[in-house]
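For reference, the structure is listed below as structure tokens.
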Amino acid sequence: MSPATPPKASFLTALADLPKNVWKSIFRNPLPSNDLERSSTSFTNFFLHIHPVKVHKNSLRPAYTFGLGLISFFLFVILIVTGILLMFYYVPSTTQAYDRMLDLRGSVAFGTLLRNMHRWSAHGMVAVVFMHLCRVFFTGSYKKPREFNWVVGVILFLLTLFMSFTGYLLPWDQLAFWAITVGTAIAGYAPVIGKDIQFLLMGGTSVGQEALLRFYVLHVAVLPAVLTLAIAIHFWRIRKDGGLSRAEDADPVVSLEAAPAVKASVLEPKKTYGFQGLVRGPLAKVGQIPDNTVFSWPNLFLAELFTFVVTLSAILVLSLLFNAPLEEPVNALHPPNPAKAPWYFLGLQEMVSYSAFWGGIGVPGIFVLLLLGTPYMDRSTKGVGKWFSRDRLLANTIFITFVVANIIFVIIGTFFRGANWAFVTPW
Amino acid sequence: MAVNLKRSSGEDSDGKTSRRRMLGWLTGAGLAGSAGLSAVSNFVFIKPRATYGQPQRFSVGKPEDFPPGTRAVLASRGICIIREGTKLAAISTTCTHLGCTVGAADTGFACPCHGSRFDQDGNVTGGPAPRPLPWFQVTLAPNGEIEVDKDIEIVPGSYLSL
């Protein structure tokens with residue numbers, strides 16, 4: 001017998017190995033069983049490589065983040081998927097839009113469910129993004145070096161509100177029409193450019209076909225693209241800013257004594273020395289520092305999967321239990337009485353009922369400017385990484401005041417306003 | 001293309017701006033200018049030149065259709081025709097606050113959206129409305145019909161005498 005030659009790859013063995021080879025060409029790693037493979041899996045998988053290989057234990061503490069950022073993102077994913085599906089049946093036309101809503105209810109398979117999911121995810125996203133913003137504020141996480149990511153976050157919050165605002169003209173029902181009539185009129189109160197913005201948004205002098213088409217394009221193309229880009233920057237900055245914020249004492253401080261250097265006189269000028277030839281004493285500090293990080297695989301990925309499953313389940317249950325409201329078709333002659341915006345804009349509507357400029361432009365504008373400027377005005381580095389840290393009493397109190405005031409306005413607008421926006425008692 | 005990584009001060013030894021810096025400035029200005037121009041043309045593009053909607057000037061009928069004492073809300077036109085004796089006027093029913101349609105109330109007009117209230121002549125009596133309801137120009141066309149022009153606001157209280 002001749003020396004062992006590799007068996008000739010026949011067509012049949014290639015065929016037999018085909019599934020294995022295809023699998024291996026896609027996934028370079030086996031399911032990880034050691035630390036090297038755990039790192040490698042995080043590196044080589046497109047969807048996982050956004051994550052760090054190792055993540056700090058503090059970032060995985062549910063009571064620290066409540067997973068609010070992740071939930072916001074997953075709600076956005078659900079909105080993209082259900083939104084694209086709804087686009088297959090929707091026509092942005094004043095004569096057809098409302099009928100298409102009825103079709104979704106009556107004749108499209110899963111139409112009601114998809115519309116419910118889209119609506120409740122949208123409401124959920126507004127709420128969760130705001131809670132996420134509160135979490136970041138109360139833990140002082142906007143401080144250096146995370147100032148810019150806080151700014152991106154505030155922009156994401158505004159984009160979320162604008163997404164929902166453009167979305168609810170689309171059913172072309174009474175709520176849609178009057179909410180947008182009022183909303184664009186508020187924009188008209190902005191100084192100098194207000195009237196131009198109003199005209200550009202509506203594509204004319206009143207809410208009609210042009211406005212519907214414009215809001216549709218903003219809702220399904222422009223804003224999702226901008227939002228996706230901003231989310232990408234937001235995530236990228238988390239990595240570049242050193243992961244999620246944590247308290248200074250999250251890692252015990254270990255003093256590292258420098259190893260004494262070898263005297264230069266001992267060294268021979270013509271010889272090349274390795275690093276270890278130049279210093280004496282215990283060199284390897286690696287492993288001596290308490291390591292509070294764990295591998296992302298499986299710790300972080302399981303946490304993310306869990307959050308996703310819980311988010312999707314919650315939306316599914318809500319969508320099976322409650323139907324998204326659809327009001328009467330648009331009647332441009334008679335606003336419903338009272339004409340109310342969705343709950344998260346009722347605080348704004350309540351403020352607007354005192355003064356259009358101050359309620360709709362002035363106060364919200366100042367609030368947004370304060371939010372954007374927060375990390376540049378509050379330069380103290382104390383109290384990062386702890387909920388309601390005592391070092392941040394003043395900042396937290398101011399913020400809570402704004403939040404509570406807005407919640408009170410929302411409650412008044414929701415329960416205490418009746419016909420002609422007159423004050424009523426709900427009992 | 002080779003790039004010289006050495007930073008030049010941009011100035012020759014005799015203190016004059018170097019050709020390199022000059023070209024840098026020109027390139028930057030050209031790119032910024034192009035970006036600005038394309039932003040402006042996008043703005044021009046999305047600002048409609050023609051709008052689709054109701055004409056602002058229209059006929060509402062003969063004077064006989066509005067006998068003395070009438071207060072008729074023409075919902076589709078967004079106006080209310082008032083006739084007192086031989087005097088006639090058209091008041092807007094679009095709320096000056098945020099554009100909702102006001103309804104006729106006992107004391108004048110009331111807005112369902114944010115609670116603005118107006119008296120019979122459109123003056124603000126309550127709520128957040130910043131201005132009274134505008135009055136529009138009313139003329140008698142040669143064919144004897146009443147013509148309202150919503151582009152022309154007139155002083156409140158000025159009527160057309162029939």
A:Glu327 among the acidic types (Asp, Glu) and either in a loop (DSSP other than H, G, I, E, B) or without any contact (Cβ under 8 Å) to a residue 40 or more places away in the chain (or both): yes
Scope the stretch A:238-252; condition part of a helix (DSSP H, G or I) and modelled with pLDDT under 90; matching residues: A:Glu248, A:Asp249, A:Ala250
Among (1) more than 14 Å from chain B (Cβ to nearest Cβ); (2) aromatic (Phe, Trp, Tyr); (3) in contact (Cβ under 8 Å) with a residue 40 or more places away in the chain, the one test that A:Phe357 misses: (1)
Unique residue being more than 14 Å from chain B (Cβ to nearest Cβ), hydroxyl-bearing (Ser, Thr, Tyr) and assigned to a helix (DSSP H, G or I) when the list is A:Thr381, A:Thr425, A:Thr397: A:Thr397
Subset of the stretch B:120-142 (residues that are of a type outside the set (Val, Ile, Thr) and within 18 Å of B:Ala75 (Cα to Cα)): B:Gln120, B:Asp121, B:Gly122, B:Leu133, B:Pro134, B:Trp135, B:Phe136, B:Gln137
Residues of the stretch B:88-130 satisfying the condition of being among the charged types (D, E, K, R) and touching a helix residue (DSSP H, G or I) at 6+ places or on another chain (Cβ under 9 Å): B:Arg117
Residue, surrounded by the fewest Cβ atoms within 10 Å (Cβ to Cβ), within the stretch B:23-70, restricted to residues that are within 30 Å of B:Ala89 (Cα to Cα), small (Gly, Ala, Ser) and within 14 Å of chain A (Cβ to nearest Cβ): B:Ala50
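Tell me which residues, restricted to the stretch A:57-80, are under 16 Å from the mean Cα position of the chain (by Cα), of a type outside the set (A, V, I, L, M) and buried (at least 18 other Cβ atoms within 10 Å of the Cβ).
Residues of the stretch A:57-80 under 16 Å from the mean Cα position of the chain (by Cα): A:65-80.
This time we only want the ones that are of a type outside the set (A, V, I, L, M), so: A:65-67, A:69, A:72-74, A:76.
Selection gives A:Thr65, A:Gly67, A:Gly69, A:Ser72, A:Phe73, A:Phe74, A:Phe76.
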Residues that are more than 10 Å from chain B (Cβ to nearest Cβ), buried (at least 19 other Cβ atoms within 10 Å of the Cβ) and outside any helix (DSSP H, G or I), drawn from the stretch A:172-191: A:Trp172, A:Asp173
Restricting the stretch A:192-210 to residues that are over 22 Å from A:Asn331 (Cβ atoms) and hydrophobic (A, V, I, L, M, F, W, C), the residue that is farthest from the other protein chains (Cβ to nearest Cβ): A:Val192
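Would you please name the residue that is surrounded by the most Cβ atoms within 10 Å (Cβ to Cβ), looking only at residues in the stretch A:110-128 that are free of Cβ contacts under 8 Å to residues at least 60 places away in the same chain and under 30 Å from A:Leu370 (Cα atoms)? Full working, then the answer.
Let us first name the residues in the stretch A:110-128 that are free of Cβ contacts under 8 Å to residues at least 60 places away in the same chain, namely A:110-111, A:114, A:122, A:125.
Then keep just the ones that are under 30 Å from A:Leu370 (Cα atoms); that gives A:122, A:125.
Details: A:Ala122: 24, A:Met125: 22.
Applying the filter and picking the extreme gives A:Ala122.
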Sole exception among (1) without any contact (Cβ under 8 Å) to a residue 40 or more places away in the chain; (2) of a type in the set (A, V, I, L, M, F, W, C); (3) not in a helix (DSSP H, G or I) for A:Leu169, by number: (1)
Members of the stretch A:392-427 found to be at pLDDT 90 or above and among the charged types (D, E, K, R), listed by number: A:Arg392
Residue in the stretch A:101-142 that is nearest to A:Ile78 (Cα to Cα), counting only those that are outside any helix (DSSP H, G or I) and in contact with a helix residue (DSSP H, G or I) (Cβ under 6 Å, 6 or more places away or on another chain): A:Tyr142
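Return the total of residues in the stretch B:121-153 being part of a loop (DSSP other than H, G, I, E, B) and surrounded by 17 or more Cβ atoms within 10 Å (Cβ to Cβ).
7
Is the stretch A:215-235 home to any residue that is in a loop (DSSP other than H, G, I, E, B), touching a residue at least 40 places away in the same chain (Cβ under 8 Å) and within 14 Å of chain B (Cβ to nearest Cβ)? Let's see the steps before the verdict.
Filtering the stretch A:215-235 for residues in a loop (DSSP other than H, G, I, E, B) gives none.
Scanning the stretch A:215-235, I find no residue that is in a loop (DSSP other than H, G, I, E, B), touching a residue at least 40 places away in the same chain (Cβ under 8 Å) and within 14 Å of chain B (Cβ to nearest Cβ), so the answer is no.
This table checks each residue for (1) among the charged types (D, E, K, R); (2) under 22 Å from the mean Cα position of the chain (by Cα).
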{"site": "A:Val152", "(1), (2)": "no, yes"}
{"site": "A:Met163", "(1), (2)": "no, yes"}
{"site": "A:Leu169", "(1), (2)": "no, no"}
{"site": "A:Trp172", "(1), (2)": "no, no"}
{"site": "A:Leu200", "(1), (2)": "no, no"}
{"site": "A:Thr205", "(1), (2)": "no, no"}
{"site": "A:Arg237", "(1), (2)": "yes, yes"}
{"site": "A:Asp241", "(1), (2)": "yes, yes"}
{"site": "A:Arg246", "(1), (2)": "yes, yes"}
Some residue of the stretch B:100-112 being under 18 Å from A:Ala185 (Cβ atoms) and of a type in the set (Ser, Thr, Tyr): yes
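The values are calculated or read from the model by the stated rules, or taken from the named source; none is laboratory data. The structure presented is a predicted model; accordingly, all values stated were derived computationally and were not measured. A quick note on method: Cβ atoms are made from the backbone with ideal geometry, for glycine too, and the neighbour counts reach across all protein chains shown.
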